[in-house]
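Read the figures in this text as sums done on the coordinates, not as results from a lab. No experiment lies behind these values; they were computed from the predicted model shown. Don't worry about glycine lacking a Cβ; one is built from the backbone with ideal geometry, like all the others, and counts go over all protein chains shown.
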Amino acid sequence: MNVSALGIDLTALAPILVLGGLAMAVLVLGLFVKKDGAGVLAWFALLGLAAALVLSLWSWGGTDRIVFGQMMAVDGFYTLFAALAIAVAGLGVVLSASYLDRSGLTHAEYYALMIFGAAGMVVMAGACNLILLLVGLELLSLSLYVLAGFARTRLSSQEAALKYFLLGSFSAGLLIYGAALVYGAAGTLDYSGVAKATQGLGGANPLLLVGLGLILVGFAFKLALVPFHMWVPDVYEGAPTPVTAYMAVGTKAVVFAALLRLVTGAFPAARAEWVAILAVLAALTMIVGNVAAVVQGNVKRLLAYSAIAHAGYILMAVVGGGKAGSDAVIFYLLAYTVMNFGAFAVLVAVGDGREERLSLQDYAGLARQSPWLAAAMAVFMLSLAGVPPTVGFWAKLYVFNAAIQGGYLWLALVGIATSVVAAYYYLKVVVAIYFTDPVSEKLILKPTGSMVAVLVVAVFFTLQMGLLPGLFLNLSQLPGL
Amino acid sequence: MSQGGPAILSLLIVVPVVGALIAPFLDRRRPGLIKGWALVISLLAAGLAVLMAADFRSGFADMQWEEHLSWLPALGISYHVGVDGVSVLLVALTAFLTPVAILAAWKEMEGRAKEYTVFLLLLEAGMIGAFVALDLALFFVFWEAMLIPLVLLIGVCGGERRVYAALKFFIYTAVGSLAMLLAIVGLAIQYKGQTGQYSFDLQQLAGMQVPPDVAFWMFIAFAVAFAIKVPVFPLHAWLPDAYTQAPTAILVLATMMVKVGTYGLLRFGLTLFPQQMVAAAPVFLTLGVIGVVYAGLVAIVQRDVVRLVAFSSVGHMAFIVLGIFSLNQQGISGATLQMLNHSISTGGLFILAAMVNERTRSTRIADLGGLAERWPVMAALFTLVLFSSVGLPGLNGFVGEFLILLGTFQAEPVAAVIAGSGVVLAAVYLVWMFQRTMHGADSGRGAGTRDLSGREVLTLIPIVAMVVWIGLFPTTLLGKMEASVGTLVIQAQKAAQVQTDGRAAAALSQFQVDR
């Protein structure tokens, strides 16, 4: 049912309105809440996010339409990613609550930034106009720049924020420049308008091609595709761990969704060109990401490189194209969300806030000290490695299928070869946890209730989607574009 | 064809999994309780499996106890299981040997009862699943799922170089697995190209015509994955390390796991790629012969009992490969029977080596000697199992090896003659090892320890019983598998016929061109 007033489609606008209002309400409420009563803020933020989630799911199964003067698409694809973004923000809030307590950071601004970020993600998920895309991206990015530097007493956090900001704004600049060139070529910023104007032009229009190239480079920065990935390990390592989780999972999901919508919606004419570029990027990303991860001795950096590598696999599905491709992108992103968020949640639980325990040696013998935490980490590692019966396996199956069907067998072969490399370093973590003795007697803090909640959710979905992939999600009816 | 009744194959998978899931909640301070739980669960599964095998209708080549449930319809993946005359025996033996392994590892399990219980039961479920899966995606899931518990068993409970051995084992297998996964996806896409929808179902994929050059690469991917698992020479490098570092008593199950490789060649190789199997037969026969002789020679010079038995295992598996690639009724029947025998005999030897190790704290041959006088019961049982492994007539090993050599001789006489020397080599290294450890001067190690306890005798009774029973009445088992083996052989013969016809046609056209 669509609700509209004054000619504005309120159903489409509702989640964004609620998120924006919620963020400001959290800020105001923060003024009146004492430091030891911060739990109230987390609950408030969580309730608001739950409301936004319900509102975003409101349009599920409704008629596909483009609202706000050709700016934003409201379809199944949008609904799915908007809901995913809000859910990730919710998980982020839950994961952060006790982390902030342990590290002595302020709550209200932190939650507000996370929620603003989520609003940006929702905008990006639906954007089908280059300007709106940039607005969503900037809303998300500005929130993340601040969040990355939120542990401002820690030097590495400051460094992360600055690096992220500099490279992030640089890539935003490239995107804007690219958008301007595309406008020059097509005379419009609507995806459908661009597609119509450039129909039949294809590779013949240099202005369009340069614009497309610049836009792709901007996306490559955001998605950390090799060779535009240099900022990721430092930023991921320096940022507070729950922020890293939020960043690695949420950003990746919606930026991929936006990329898929952009290239298929606006540039079908130049398909040959962008597929060629993305195929090369995918291969490089899988190879460099996985090989670099092997030599990491720090688990957070290892996960950072693993996040880079996973972007390569998802890109492989984008390259494969068609219904198989977009299904694979969606499924991989869902899988990636639960397993990667879970892995970062374990990192949060193992550290004690002041001192983060991130070297591989800190995980030695974890199975003895905290068997359930160890088992959860093992599940996430095996899933990231793509071992059945976890969700990671089906995700890999989907992307290989998409790549081979699209005629990119060589890309699938690269994916297979790098998967073997990946299996090695994920197993290295499992080996440390299970096979080696603790280096020193150290105290693992008992995970708080909120951390346990996040871990249970992540483990549940990692295994549930692995064993019964069809239970919650009818995979044959994944929304296409 | 279904016997009706309960979904016994699913039950065989679910029972150990449930057992493994409950085990972590048992009290860690009461290892006896945990071990008892493991034993009860494994006995339950064994009972079910033996009932199933006894109820299996001989003379039918079709799958029995089939179950078919939709799993991931978007990709045409289903939960499809069933057993024929070959797999029913492998399933039954897997379930039968699991309680034996648990009993054999009873003492080793003491400190890590929970880990052992969880891993052993999951390993059992994974293996049974791999033997009964009739959907390629489902097979792959079980294929990987059985790998993880064994890697963890080696890594957590193994010897000094356990981490190295576990990683090596994992990486070797992962390389093969991923290549196979690609081929599986490729098959499903081929099917979609021809019929418009995906399918991973073995029976549906079997009738499909795949372009020969594509089928060639797919077969290579499958063959490499299976050959690593078996392991076929020269891909065997993971095995000696994995076997020596794993807890010795549970190796009886590891010898069952490698059967998934040989079973895979029969079930998936012959069903999906009969022509490529026929074409590849000379290569595999050669590798098999090399494997038999090489493993025999290497085993002779081993200084450690476990390592020696590990190499003897490589040699025996090479025999099975010979039997499979002879592609006739005798060879494949012998190979199937030998798949059972090898786990019984070699598994029995590993259990005995573990029993020696418990007493002497060493399995180095130089450290041992004159044990027979001290432990006469053990020596007697050791002799029996040893001769079963050598292939003495009247015991189980003889029947299988004889059939394999018979089959190989029909296919390639030279291969059979050279492989025959493997039997002699087996006698040399095993009997010589026995002489140096059980007889000769007493080394004094393990002095004061007792002969076999009641629990240990109970562990070995099922092994010895199988050794004698199969040796005397092989027709019971051969009868169960006969019809199914026949179907496999017909597939191979058809493929061979096609190739001969093709060659004749090519020659004819060449002839006409020449004219």
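Assorted remarks:
- Rg to Rh, two decimals, where the range B:194-338 supplies the alpha carbon set and Rh follows Kirkwood: 1.03
- Taking amide H positions as modeled 1.01 Å from N, with prolines and chain starts lacking one, the residues under 5 Å from A:VAL226 and 5 or more places away or on another chain are A:THR285.
- Using the empirical formula 2.2 N^0.38 Å as the baseline, the Cα radius of gyration of the protein assembly as shown reaches a ratio of 1.02.
- Between the C-alpha center of the range A:253-288 and that of the range B:387-446 there is a gap of 60 Å.
- Alpha carbon convex hull of chain A, projected area averaged over orientations, nm²: 21.1 nm²
- Spatial separation of Cα centroids for the range A:65-117 and the range A:378-450, in angstrom: 26 Å
- Set against the 2.2 N^0.38 Å expectation for a compact globular protein, the range A:139-290 has a Cα radius of gyration ratio of 1.12.
- Cα-based convex hull, the range A:93-209, per residue volume (Å³, whole number): 105 Å³
- B:VAL424 versus A:ARG102: modelled label distance in nm, points set 7 Å from Cα along the beta carbon direction: 6.9 nm
- R0 of 30 Å, Cβ-Cβ distance B:TRP432-B:LEU39: FRET efficiency to nearest 0.05: 0.25
- Potential lengthening between A:GLN464 and A:GLN361 on full extension [0.36 nm per residue; Cα-Cα distance subtracted]: 34.0 nm
- Over the range A:10-269: Kirkwood hydrodynamic radius from C-alpha pairwise inverse distances, Å: 18.8 Å
- log10 of Debye I(q)/I(0), alpha-carbon scatterers only, for the range B:274-515 at 0.13 Å⁻¹: -0.79
- Here's the picture: charge each Lys and Arg Cβ at +1 and each Asp and Glu Cβ at -1 in chain A, and of A:LEU155, A:VAL439, A:ALA204 the one pushed furthest to the positive end of that dipole is A:VAL439.
- Solution diffusion estimate, µm²/s, Stokes-Einstein, the range A:272-481, Kirkwood Rh from C-alpha pairs, 20 °C, viscosity 1.002 mPa s: 122 µm²/s
- Using alpha carbons only, the radius of gyration of the range B:40-100 set against its Kirkwood radius gives Rg/Rh = 1.08.
- Cβ-derived FRET efficiency at R0 30 Å, A:LEU17 paired with A:VAL456, nearest 0.05: 0.40
- Cα principal axis extents for chain B, largest first, Å: 84, 53, 42
- Rh (Kirkwood; distinct C-alpha pairs) - the range A:306-374, Å: 14.2 Å
- Convex hull of alpha carbon positions in the range A:196-262: directionally averaged projected area 5.3 nm².
- Dividing the mean sequence gap of close Cα pairs (under 8 Å, 6+ apart) by how many residues the range B:236-351 holds gives a relative contact order of 37 percent.
- Inter-chain Cβ neighbour average for residues A:386-394, partner chain, 10 Å: 5
- For the range A:3-127, convex hull of alpha carbons as volume per residue, Å³: 91 Å³
- Each of the trypsin sites (Lys or Arg not before Pro) that DSSP puts in a loop and that has at most 10 other Cβ atoms within 10 Å breaks chain A; the longest unbroken stretch is A:35-353.
- Listing A:HIS229, B:HIS316, B:HIS68 from fewest to most neighbouring C-beta atoms within 10 Å gives B:HIS68, A:HIS229, B:HIS316.
- Placing unit charges on the Cβ atoms only, positive for Lys and Arg and negative for Asp and Glu, gives the protein assembly as shown a dipole magnitude near 1200 debye about its Cα centre.
- Computed over chain B, relative contact order equals 16 percent, with contacts defined as Cα pairs under 8 Å that lie 6+ residues apart.
- Per-residue HN-Hα couplings for the range B:95-109 [Karplus 6.51, -1.76, 1.60; θ = phi - 60°; Hz; x = Gly/Pro]: 5, 5, 7, 4, x, 4, 5, 5, 4, 5, 8, 3, 6, 4, 5
- Environment charge of A:ALA108, counting only residues whose C-beta is closer than 13 Å and scoring Lys/Arg +1, Asp/Glu -1: +1
- Taking all Cα-Cα distances within the range B:294-358, those exceeding 13 Å account for 64%.
- Residues with amide H under 5 Å from that of B:ASP135, placed H, sequence gap 5 or more: B:HIS80, B:LEU202
- Dipole in debye (nearest 20) - chain B, about Cα centre, beta carbon charges: Lys, Arg +1; Asp, Glu -1: 1060 debye
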